[in-house]
1. Within the stretch 28-62, which residues have the backbone N less than 15 Å from the label spot 7 Å out from V96 along Cα→beta-carbon, could you tell me?
2. Go through the stretch 1-74 and name the chymotrypsin sites (Phe, Trp or Tyr not before Pro) that are in a DSSP coil and have 14 or fewer other Cβ atoms within 10 Å of their Cβ.
3. Using Cα atoms only, what is the angle between the long axis of helix 11-21 and the major principal axis of the chain, expressed in degrees (0 to 90) to the nearest 10?
4. Taking 8 Å as the Cα distance limit and 6 or more residues as the minimum spacing, I'd like the relative contact order of the stretch 38-77 as a percentage.
5. Based only on other Cβ atoms within 10 Å, what is the fewest-to-most ordering of V102, V48, V65?
6. Rounded to the nearest 500 deg cm²/dmol, what is the calculated helix-only ellipticity per residue at 222 nm for the chain, with -39500 (n - 2.57) per DSSP H run of length n ≥ 4?
7. Rank S41, T58, G15 by how far each Cα sits towards the positive end of the charge dipole of the chain (+1 on Lys, Arg Cβ; -1 on Asp, Glu Cβ) and give me just the farthest.
8. For helix 24-37, what angle does its Cα long axis make with the longest principal axis of the chain, in degrees from 0 to 90 and rounded to 10?
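Every number in this text was worked out from the coordinates using simple rules, so none of it is lab data. All of these numbers come straight from a predicted model, not from anything done at the bench. Cβ sites come from the backbone with ideal geometry, for glycine too, and all protein chains shown count toward neighbours.
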Amino acid sequence: MKPGGGGAPTGAAAGKIRADFGGYDAFVQKFKDAALSQFGSGWAWLVVQNGKLAIQRTSNADTPVAHGDRPLLTVDVWEHAYYLDYQNRRGDYLDVFTNHLVSWEFVNSHLA
């Protein structure tokens, strides 16, 4: 995460997202769907899985690393991450995360 981040990706991530999801909007929808459908505490992840980008969700302290995948981006959907600012509006929190906080530079550095 970074202040002033978010929005459409740059660099290698932009091309991989286009190739593997069909575009940024499709990626955001899948990423948010994963985060919204995670019941209770957990995470949504953008990972490299078998050479392609994929979206995963994990619960509690599970991580894609334990399953052989390489994480590039994650969003915390444990209530402590957003409740003070968004109460039960997880979708609003995810909108702010994707539109204003994602560090595509970090994603690109781990994609290389």
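1. none
2. F39
3. Approximately 80 degrees, to the nearest ten.
4. 49
5. Result, fewest neighbours first: V65, V48, V102.
6. Computed mean residue ellipticity for the chain: -11000 deg cm²/dmol.
7. Most positive-ward Cα: G15.
8. Relative to the chain, helix 24-37 is tipped by roughly 40 degrees.
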